[in-house]
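Worksheet: the structure to be examined is printed underneath.
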Amino acid sequence: MGTTTSTFDKAVVLKITLYFVLAFGISYGFHLLPSLLALPGMKWLFTVGFGPFLSTIVVSYWSKTPLSLRLFSKTSWVRTMEVTGLVVFLVGTLLTNILSGKTDYYLIIFWTLYALFYALLEELGWRVFLGNELSKYSLFTTVLVSGVLWFAWHYSFANRLTMEHPLRFLAMIVGGSAGLAEFYRKTKSWLIVGMAHALVNVNPPSLPILLIFLAVTIGFLKFHEYKNKQAAVTRMPCEPE
C-alpha cells in the first residue's frame, strides 16, 4: 500500500520528467512521418504506443531501474484474474463486432489483438512506469501526475477530441487515470490495465463488455481482500479470559 509522502524525491522527478519529454518527442516525431505502412492504423500504433513504450525502456535502462515485462503475473490470484479478464475481453469484443453486422472474422480478430497490443505499449509507460515510480506516494498524487502528463502527451498527436472538446477529454483522462492507477496499485498487472484501456478503444466500443470486465476485475479484488481479512482474523492470537 502506498504512503502519503508529500515531498518528491529529486531522482523520481528527474526520471518522470525525462520519461515525459521522450514520450512526447517520440510520439510527435512519429506523428510527423507519412504513413509507415499501407495498412490503416499502423501510424497510429507507432504514434500512440511506441512513444511511452520506448521512453520507458530508455529511462529504465538509463536509471538502472529494474523493469519486468511479464505479461502474466507470478501471483496466482492475479494470474487467475488476468486469464478470466482476457477471456471476457476477447470473446466479448469478438461477439460485439459480429453482432454489429461485421462478417470479416479475420479482420475482427486482427483489430481486437491490435487494440490490446497498442494499449499494452501505452500502458507500460502511463501505468507501469509511473505507477512504480509513484508507488510511495498517495493515489491522489499518482492520479494527478499521471493524469496531467497523459493529457498533455495526447497533444503530440492532437485529434478532434483533444482540440474541440478539451475539457471533456480532460475529464475522461482523469477518470481513466484514477481507475487504471488503482487497478495497477492493487494487482501490479500490466495486462489488466492494458485490457481495461483497450476495451475503451476497440471498434465498436462495447459498454456492456467494459462493465462486465470491470465487474469481474473489481469482484476479484474484493474477494481477495476479503480472504486476506479472514486469514488475518484466523491468525490473531486468542485473548485471555
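The values are calculated or read from the model by the stated rules, or taken from the named source; none is laboratory data. The structure presented is a predicted model; accordingly, all values stated were derived computationally and were not measured. Here Cβ is always computed from backbone atoms with ideal geometry, including for glycine, and neighbour counts include all displayed protein chains. Note: accessible area is taken over every heavy atom of the protein model, side chains too, but ligands, DNA and RNA are not part of it. Shrake-Rupley method; radii C 1.70, N 1.55, O 1.52, S 1.80 Å.
Would it be correct to say that Val78 is under 25 Å from Ile212 (Cα atoms), in a helix (DSSP H, G or I) and in contact with a Ser or Thr (Cβ under 8 Å, 6 or more places away or on another chain)?
Spelling it out, Val78 is indeed under 25 Å from Ile212 (Cα atoms), in a helix (DSSP H, G or I) and in contact with a Ser or Thr (Cβ under 8 Å, 6 or more places away or on another chain).
Scanning region 105-152 for residues that are under 21 Å from Val202 (Cα atoms) and acidic (Asp, Glu) yields Glu122, Glu123.
Can you confirm whether Leu67 is assigned to a loop (DSSP other than H, G, I, E, B), at pLDDT below 90 and loosely packed, with under 11 Cβ neighbours inside 10 Å? No, not satisfied.
Residues considered: Phe110, Phe24, Phe50. Of these, the only one that is among the aromatic types (Phe, Trp, Tyr), surrounded by fewer than 16 Cβ atoms within 10 Å (Cβ to Cβ) and modelled with pLDDT of 85 or more is Phe110.
The set of residues in region 121-178 being more than 19 Å from Leu191 (Cβ to Cβ), surrounded by 15 or more Cβ atoms within 10 Å (Cβ to Cβ) and touching a Lys or Arg at 6+ places or on another chain (Cβ under 8 Å) consists of Glu133, Leu139, Thr142.
Being under 18 Å from His154 (Cβ atoms) and in contact (Cβ under 8 Å) with a residue 40 or more places away in the chain: is that true of Phe46 here? Spelling it out, it is not the case that Phe46 is under 18 Å from His154 (Cβ atoms) and in contact (Cβ under 8 Å) with a residue 40 or more places away in the chain. Please find, within region 194-208, the residue that is farthest from the chain's Cα centre (by Cα) out of those that are surrounded by 19 or more Cβ atoms within 10 Å (Cβ to Cβ) and over 17 Å from His154 (Cβ atoms). Result: Ser206.
Considering the conditions (1) open to solvent by 30 Å² or more (accessible area, probe 1.4 Å); (2) touching a residue at least 24 places away in the same chain (Cβ under 8 Å); (3) assigned to a helix (DSSP H, G or I), Tyr184 is excluded by exactly one of them, (1). Taking the criterion of being touching a Phe, Trp or Tyr at 6+ places or on another chain (Cβ under 8 Å), more than 29 Å from Phe220 (Cα to Cα) and polar (S, T, N, Q), the residues of region 138-189 that qualify are Ser156, Thr162. In region 125-151, the residues that are under 12 Å from Ala23 (Cα atoms) and free of Cβ contacts under 8 Å to residues at least 40 places away in the same chain reach residues that are of a type in the set (Gly, Ala, Ser) and open to solvent by 10 Å² or more (accessible area, probe 1.4 Å) with C-beta atoms within less than 9 angstrom, at least six apart or across chains, in these pairs: Trp150/Gly176. For Phe8, the conditions (1) at pLDDT 90 or above; (2) at negative phi; (3) open to solvent by 40 Å² or more (accessible area, probe 1.4 Å); (4) in a loop (DSSP other than H, G, I, E, B) are fulfilled apart from (1).
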